Amino acid sequence: MLSRRVLKLSEMQTNTKKKGRKDGREEGTSDRTVLHAATRSRQMGEHEDLLLQLRDRTGHGSHRLELGERGNVSEESVKYIQDSTLLPLVCAPKILLFYVIFYAVLSAFFGGMLAVFYQTLDANQPKWQLERSLIGSNPGLGFRPMPPESNVESTLIWYKASDEGNYRHWSRALDKFLQVYNKTGIGAVNQDNRILCDYGKPVPQGKVCDVLIHDWHPCTKANFYNYQKSAPCIFLKLNKIFGWLPAYYNDTANLPVNMPNDLKNHIANQKVHQRDTVWVSCEGENPADVENIGPIQYIPRRGFPGFYFPFTNSPGYLSPLVAVFFEKPKYGVLINIECKAWAHNIIHDRVERRGSVHFELMVD
């Protein structure tokens, strides 16, 4: 390796002497440049030779070159190689310490910012409410029982009344949904905070209105919600919105044009103080559905009473329910049904599913 470098340097010196300098510099300057380059090349060669020696020794566990083993290698080259070899060992603990401190400070900063953020939140009410919130101030309407989770996008309630295993699936789904309305199990939590409410009687501070479902015959658990008789009960529920107060349709002279006539007549027959209600209507979507849907009852009343509002996240609060009893739907026919909640500040939008709900019913 060293002989090749000497030959190369000799060629460089010969070429340099032939070319010369146009500005009149002497050839001695070129000689000194060549000699300097040769010296540096020799030193680099020594470094490379020593690195090869160290690499060979690494496999045998030797990482240092002893003074007696240096041969013709200069003291400067040995020191350079030893420093280069030990540098990672010296810097590794410092780098590790740096990252430990860096991530500790970063974690502390993140924890502090999170603590400050939680100070701006209230555990009992949302920071953004009604129009300022993501869900807005227009409640949606939901129904139960829902189809199986395996078909989450479906809204079809389809069963065979003569098959117990078939209709029991739907009654068990209602049992699970109504657990919080029972007086035992999870329904007993915060039971002392619930009271019986009525129109014209303000709810005491800190109390909520109870929802009594045990006497909603035939839509009861003991009767399997009447599914075995091909006349099922479907429960409607208005979604909770914190602080929302309905603007009631309690003036018979100011009812919307598209409100069903039977609902208008029902409102007109109610006492004035009982008209503070979010009314409910269910009907077939198409003319054929209107013929096939049959008579309908609303249990315990045709709407959600105003004394259940507003929702303020009080302990023990239960959303009001309406059980829609389909007395005699036509067998073996798919019936498209749309139910709506009625109040001045409820807008009906099928696409956004606001203020109304759609489902299909088919009884075999």
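The values are calculated or read from the model by the stated rules, or taken from the named source; none is laboratory data. All figures in this text were calculated on a predicted structure; none of them were measured in a lab. FYI the Cβ positions are ideal-geometry reconstructions off the backbone, even for glycines, and counts take in every protein chain you see. Just the protein is used for accessible areas: all its heavy atoms, side chains included, with ligands, DNA and RNA removed. Shrake-Rupley method; radii C 1.70, N 1.55, O 1.52, S 1.80 Å.
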| query | Which residue pairs have Cβ atoms closer than 9 Å, lie 6 or more positions apart in sequence or on different chains, and pair a first residue in the range 256-280 that is over 19 Å from His348 (Cβ atoms) with a second residue that is at pLDDT below 95 and acidic (Asp, Glu)? | reply | Arg275/Asp251
| Verdict on Cys219 being open to solvent by 20 Å² or more (accessible area, probe 1.4 Å), touching a residue at least 12 places away in the same chain (Cβ under 8 Å), touching a helix residue (DSSP H, G or I) at 6+ places or on another chain (Cβ under 6 Å) and closer than 21 Å to Pro305 by Cα | no
| task | Identify all residues within the range 110-156 that are assigned to a helix (DSSP H, G or I), free of Cβ contacts under 8 Å to residues at least 24 places away in the same chain and under 21 Å from the mean Cα position of the chain (by Cα); write none if there are none. | result | Leu114, Phe117, Tyr118, Arg132, Glu149, Ser150, Asn151
| note | Per the filter on the range 285-310, residues assigned to a loop (DSSP other than H, G, I, E, B) and surrounded by 18 or more Cβ atoms within 10 Å (Cβ to Cβ) are Arg302, Phe309
| said: Quick check on this structure: which one of His273, His266 is touching a Lys or Arg at 6+ places or on another chain (Cβ under 7 Å) and surrounded by fewer than 20 Cβ atoms within 10 Å (Cβ to Cβ)? | reply: His266
| On the given criteria, is Ile234 modelled with pLDDT of 95 or more and not aromatic (Phe, Trp, Tyr)? | yes
| field | Residue within the range 199-207 that is in contact (Cβ under 8 Å) with a residue 12 or more places away in the chain and closer than 18 Å to Tyr298 by Cβ present | value | yes
| message | Checking the condition touching a residue at least 24 places away in the same chain (Cβ under 8 Å) and either under 21 Å from Leu178 (Cα atoms) or surrounded by fewer than 15 Cβ atoms within 10 Å (Cβ to Cβ) (or both), which residue from Tyr227, Tyr249 passes? | response | Tyr227
| Subset of the range 312-364 [touching a residue at least 60 places away in the same chain (Cβ under 8 Å), assigned to a loop (DSSP other than H, G, I, E, B) and open to solvent by less than 60 Å² (accessible area, probe 1.4 Å)] | Ser314, Gly316, Tyr317, Leu318, Ser319, Pro320, Pro329, Ala343, Asn345, Ile346, Gly355
| note | Restricted to the range 160-207 and to residues being of a type in the set (Phe, Trp, Tyr) and either over 32 Å from the mean Cα position of the chain (by Cα) or more than 16 Å from Pro147 (Cα to Cα) (or both), the residue surrounded by the fewest Cβ atoms within 10 Å (Cβ to Cβ) is Tyr199
